1. Exactly one of these conditions fails for A:Val249: (1) facing chain B (nearest Cβ under 7 Å); (2) surrounded by fewer than 22 Cβ atoms within 10 Å (Cβ to Cβ); (3) not aromatic (Phe, Trp, Tyr). Give me its number.
2. One residue is enough: does the range B:149-163 have a residue meeting the conditions of a type in the set (D, E, K, R) and touching a strand residue (DSSP E or B) at 6+ places or on another chain (Cβ under 7 Å)?
3. Only one residue in B:Val249, B:Val258, B:Val301 is assigned by TED's automatic domain parsing to the domain that holds B:Ala215 and at pLDDT below 95. Which one?
4. Before we move on, is B:Asp233 acidic (Asp, Glu), crowded, with 24+ Cβ neighbours inside 10 Å and either touching a strand residue (DSSP E or B) at 6+ places or on another chain (Cβ under 8 Å) or not assigned by TED's automatic domain parsing to the domain that holds B:Ala342 (or both)?
5. Mind telling me which of the residues A:Ala112, A:Ala158, A:Ala142, A:Ala166 ends up being surrounded by 18 or more Cβ atoms within 10 Å (Cβ to Cβ) and away from chain B (no Cβ under 14 Å)?
6. Which ones in the range A:207-229 are crowded, with 21+ Cβ neighbours inside 10 Å and more than 7 Å from chain B (Cβ to nearest Cβ)?
7. Is one or more of the residues making up the range A:241-256 more than 35 Å from the chain's Cα centre (by Cα) and assigned to a helix (DSSP H, G or I)?
8. Please work out which residue is farthest from A:Asp219 (Cα to Cα), limiting yourself to the range B:266-278 and to residues that are more than 9 Å from chain A (Cβ to nearest Cβ) and of a type in the set (A, V, I, L, M, F, W, C).
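The values are calculated or read from the model by the stated rules, or taken from the named source; none is laboratory data. Treat the numbers as computed from the prediction; the structure is a model and nothing was measured. Because the Cβ atoms are built from the backbone with ideal geometry, glycine has one as well, and the counts that use them run over all protein chains shown.
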2 protein chains.
Amino acid sequence: MTAGGDDRPGGRAGAGVAVRGERLLADIARLAAIGGRPDGGVDRVAGSPADLAARDWLGARIAGAGCLTWRDTTGNVFGRVPGGTGPWLLAGSHTDTVPGGGRLDGAYGVLAALEVLRTLRENDHPAARALEIVSFWDEEGASPTSDGGLVGSTAFCAGDHIADIAAFLEPHIEQGPRMEQAGIDLAVVDGIVGIDRHTVVLTGETNHAGTTPMARRADAARAAARVLVAVRDIAAATDPGMAANVGCVDVLPGAPNVVPGEARLVVEFRAATRAALDLAAARLAGHAEAVARDELCAATVTPLSRKPESRFDPGLRGLLGKACRGLGVPVTSMVSFAGHDAGVLSGHVPTAMLFVPSTGGISHAPAEHTPDRQLVLGCQALLDTVVAWWHGGDARLVTSDLSRGEQS
Amino acid sequence: MTAGGDDRPGGRAGAGVAVRGERLLADIARLAAIGGRPDGGVDRVAGSPADLAARDWLGARIAGAGCLTWRDTTGNVFGRVPGGTGPWLLAGSHTDTVPGGGRLDGAYGVLAALEVLRTLRENDHPAARALEIVSFWDEEGASPTSDGGLVGSTAFCAGDHIADIAAFLEPHIEQGPRMEQAGIDLAVVDGIVGIDRHTVVLTGETNHAGTTPMARRADAARAAARVLVAVRDIAAATDPGMAANVGCVDVLPGAPNVVPGEARLVVEFRAATRAALDLAAARLAGHAEAVARDELCAATVTPLSRKPESRFDPGLRGLLGKACRGLGVPVTSMVSFAGHDAGVLSGHVPTAMLFVPSTGGISHAPAEHTPDRQLVLGCQALLDTVVAWWHGGDARLVTSDLSRGEQS
């Protein structure tokens, strides 16, 4: 079949086993109803009653497929066919959402993994016994009491069970518009950008907004605004592929008739390389100091947080690319600008991700959407990748499996 | 004497009656102790126990000087010698402060007026019977429940007693650095700037700070920052003498990893003429729209408040200037960039103000300060002006009095 074909891909896929698209789509709809909102969005913040209900539902769904299911002490939900032997290929994502999130972010990856597991089991495919699926706890970090997100995957990698895991695959929606704009059905993710946040504090002098002569003002808000405007240019000059944002702006004391004495920005840079992140930080600090001098203010730039960039495993990326080609989808690779559990796992086991497009680039919002055809196509690509991985067993064998696959 | 003379001006003043500087300064110290802070500042927000205690103290001080005192239903405190006949020349200011304010703002004008009243009375000068002194209620508007300041003077002008008032004089600290920088002891105030506030709302699109391509972002914070930076240039191009401030900046939703979808600024312009204020508003709106287009956002600029500019009475300004010259102080005129009760009164009766310098331009802060010599000098100038006004009686007589005064 080709990417433009019917809604039931996989019938002739390399593995010879096809996922059941309607079943996948029905599960997505059922899960979206748990914490579902009238506007089509989903409220399923980690630890909320809806999130816990969704995890119960998932466990029941895994068990209903004749598989084993369990939950670890963190809250991660797992599934496996009985009688398998490790080490396992882990596949999945998370079922928690941001407040007012969409029906696909995280949920798609978990349900695609479930559909692959039960399809392989129904077809008595031996790869089923090498597959484990997961819904990680609190990926989003949206609860005020959350430890910042990626909680379940981080705890998982610090625990014992990671020793039984040979690799990790995470299907996910892109959450941006690049694939839709380029007309791409599936994309192999090269890695996840590193994310550095910096706090920029401009300190001026609080003063009377009428009586203080304009030329003598040490206006922290004006200095901060000049830094804010420059952030995009600093990023573009450092690495045209990087992203930058100033999402938090605080101006004190915050009265119409008082010259602001202090202003605070949180600047975020995302780039595929540490070198770009460090260069952007240095340029930000230099620019803030120059602006501050010009505005009679002082500037401090302090690192707030640093999430290291991730590079995914070349062997797994090769298998995903092969699966895409087998489904008639040209292989496209891209960097993820959003963080994912796969970023955590990649520090411990060979890891890769597969993206499906996000309509309009919308995510973390009720309008989050991916066409059904692409959701099913991504699920089939996951199944084919799992089977190819099972055939290969290690990187060398994977290579030989790839060459065999090209002849099938 | 000259402006550079000793600390006891007035001995040879035109009126021949000298205020008692030590008594004035001692009263300033006593009043500053009511609501006084360890750091030298004053907490006497209108309606607070300290403000009410200060008004009680003032009434007792007026009565102790052998004068009548009363409080109107608004809370304004008045004083007069017994047996006077209206219409009266009113003099004074206010005794309430901002939180953490200084010892002089408002208090100086009230206590200078008190010193003039009791000095005239002690000297049996007939001008005493034409003078009334006042401490207006809630000039600052610093209480959360305040009606925005200028409460007492506004109520006073809406009441019956304003009909008995022939003119108003308000001594005050400059609250800015201009006089100190220019080495000026006293300044006659031409008028008070008008103050327009505008709310600028930039509306973009809330989005993921990683996955949204930089070129597609409708970043409301970036648009707002560009407008903020331009405000000072808009003001300078419109009227080099005007002041502009952006004291309030709000960026929503306010998360490091979310492209801001909305940003709000409060822009304040202060200028001596309505024409300048209107032109600045038009240029602000035009610039905000142009920036918004460039940033894929929308802009709205809405008037938030408008305080009309005040022009003070030429006759009274002439008398103040004459008094300054009589004390050896060159006549300097300036516009007030801060609002005052005199701005309210000027809409109803001939009004003028006299400024003394503020050290370092500091006001509304514990470090608020004016050298004692200038405080006493201003008080003497007020006395001489009251006497000159009493001699003149109306604008034509004032003119002839001025010419007589020049020969004395």
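1. (2)
2. Within the range B:149-163, the first condition is being of a type in the set (D, E, K, R), and the residues that meet it are B:160.
Subsequent filtering for residues that are touching a strand residue (DSSP E or B) at 6+ places or on another chain (Cβ under 7 Å) retains none.
Among the residues of the range B:149-163, not one is of a type in the set (D, E, K, R) and touching a strand residue (DSSP E or B) at 6+ places or on another chain (Cβ under 7 Å), which makes the answer no.
3. Details: B:Val249 fails: at pLDDT below 95; B:Val301 fails: at pLDDT below 95.
Just a single option satisfies the conditions, and that option is B:Val258.
4. Details: acidic (Asp, Glu): yes; crowded, with 24+ Cβ neighbours inside 10 Å: no; either touching a strand residue (DSSP E or B) at 6+ places or on another chain (Cβ under 8 Å) or not assigned by TED's automatic domain parsing to the domain that holds B:Ala342 (or both): yes.
No: the conditions fail for B:Asp233.
5. Exactly one residue qualifies, and that residue is A:Ala112.
6. Passing the criteria: A:Asn207, A:Arg217, A:Ala218, A:Asp219, A:Ala220, A:Ala223, A:Ala224, A:Val227.
7. No, the range A:241-256 contains no residue that is more than 35 Å from the chain's Cα centre (by Cα) and assigned to a helix (DSSP H, G or I).
8. Taking the range B:266-278 and keeping what is more than 9 Å from chain A (Cβ to nearest Cβ), we get B:269, B:271-278.
Now restrict to residues that are of a type in the set (A, V, I, L, M, F, W, C): B:269, B:271-272, B:275-277.
Values: B:Phe269: 15, B:Ala271: 19, B:Ala272: 23, B:Ala275: 26, B:Ala276: 23, B:Leu277: 21 Å.
Among those residues, the one meeting the criterion is B:Ala275.
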